[in-house]
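*Asks:* Can you keep this structure in mind? I'll have questions shortly.
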Amino acid sequence: MSHIVDRHAVVDGHRISFGVHGEGEPVVLLHGTPSSSYIWRDVVPVLTEAGYRVHVFDLLGYGLSERPRNPDVDTSIAGQVAVLEGLLGEWGLDTFHLVAHDIGGGIAQRFGVQSTGRLRSLTLIDVVSFDSYPSERTRE
């Protein structure tokens, strides 16, 4: 896939790039850092061919989404949960499968604890956990 995100939505005043591919049961893919949704470029075609509608987006501050200059804008894992929730409203998704990698997994874990009933399934791939992010080096 050459263009995995081809649309934009404004969530809490910030431009978020996203893409929706295929038809069928909804799957949302969350990327990690220092990446973008482009990491899913070989996964999206497999899922769409299997009959899923795949939703991808670039987290706030990553990929083609807005990079806020204001240091007070929350781009933390908790802040990204609000971005996910805003896009779910944009997409009209009540329930969906959620697949997450790296810090996307931290976002998925927080979302899942807050909104368990919305998840049809949760798949975590090499994700951060409650006490592993940010790393000691990043904290310094």
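*Asks:* What is the sum of charges, Lys and Arg at +1 and Asp and Glu at -1, for the other residues whose Cβ falls under 15 Å from the Cβ of Gly89?
*Replies:* It works out to a net charge of -2.
*Asks:* Over all directions, what mean area does the Cα convex hull of the chain project, stated in square nanometres?
*Replies:* Mean projected area for the chain: 8.3 nm², to one decimal.
*Asks:* In debye to the nearest 20, how big a dipole does the chain give about its Cα centre with +1 on each Lys and Arg Cβ and -1 on each Asp and Glu Cβ?
*Replies:* Computed charge dipole of the chain: roughly 80 debye.
Every read-out reported here was derived from the displayed coordinates using simple, explicitly stated rules and does not represent laboratory data. Given the structure is predicted, the values throughout are model-derived calculations rather than measurements. Positions of Cβ are backbone-derived with ideal geometry, glycine not excepted, and every protein chain shown enters the neighbour counts.
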